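Undergrad: Can you keep this structure in mind? I'll have questions shortly.
The values are calculated or read from the model by the stated rules, or taken from the named source; none is laboratory data. These numbers come from a predicted model, not from an experiment. Here the Cβ is made from the backbone with ideal geometry for all residues, glycine too, and neighbour counts use every protein chain on show. These accessible areas exclude ligands, DNA and RNA; they are computed on the full protein's heavy atoms, side chains included. Shrake-Rupley method; radii C 1.70, N 1.55, O 1.52, S 1.80 Å.
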Amino acid sequence: MPGHGDGTSARRPGTAAAHSALDSSLALFIVAELLHTVRLTIRNRTLDAEPFLVVGLIAGIRKVLIVTAEAEKSFRWNVEGIELLVLAGLILVMATAVYVWRRSTRPGDYGPLQEARRSRSPEPSPTPVRGS
């Protein structure tokens, strides 16, 4: 009988609407980020890789959320597990690429943080009070 432990369990009525809303809102966010990237490219007359990496991150996270939401009752390692592992690896690679890109193109953004760490002097330790 379908819906009784065979992996085809019926979803709650609000779940399909939540999945659809999540999918639509994240897709809208991706489109907005792409439009912003196109606007910056036209205005600056340069093509920057960082916005595309951010769009890739958003798309990867969107796919992870959709896969985990769809597999909430019947998770299988052979299909969803491998897909989630590959997506996690891609997200990690893209996040690292964004970090490296920002460090190489905007070294001034990280300078004040490093200077603040270096200039912090250790706090003096309280002197013990000797009793009489």
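Undergrad: If I filter region 25-81 down to residues being among the polar types (S, T, N, Q) and assigned to a loop (DSSP other than H, G, I, E, B), which single residue comes out as farthest from W101 (Cα to Cα)?
TA: Selected residue: S74.
Undergrad: Follow-up. Exactly one condition in (1) exposed (fewer than 11 other Cβ atoms within 10 Å of the Cβ); (2) farther than 23 Å from L87 by Cα; (3) of a type in the set (A, V, I, L, M) is false for L40; which is it?
TA: (1)
Undergrad: Of everything in region 100-132, what is modelled with pLDDT of 80 or more and not polar (S, T, N, Q)? Give them in sequence order.
TA: V100, W101, R102, R103 - these are the residues of region 100-132 that are modelled with pLDDT of 80 or more and not polar (S, T, N, Q).
Undergrad: Got a number for residues in region 71-99 being modelled with pLDDT of 85 or more and open to solvent by 80 Å² or more (accessible area, probe 1.4 Å)?
TA: Looking only at that region, the number is 7.
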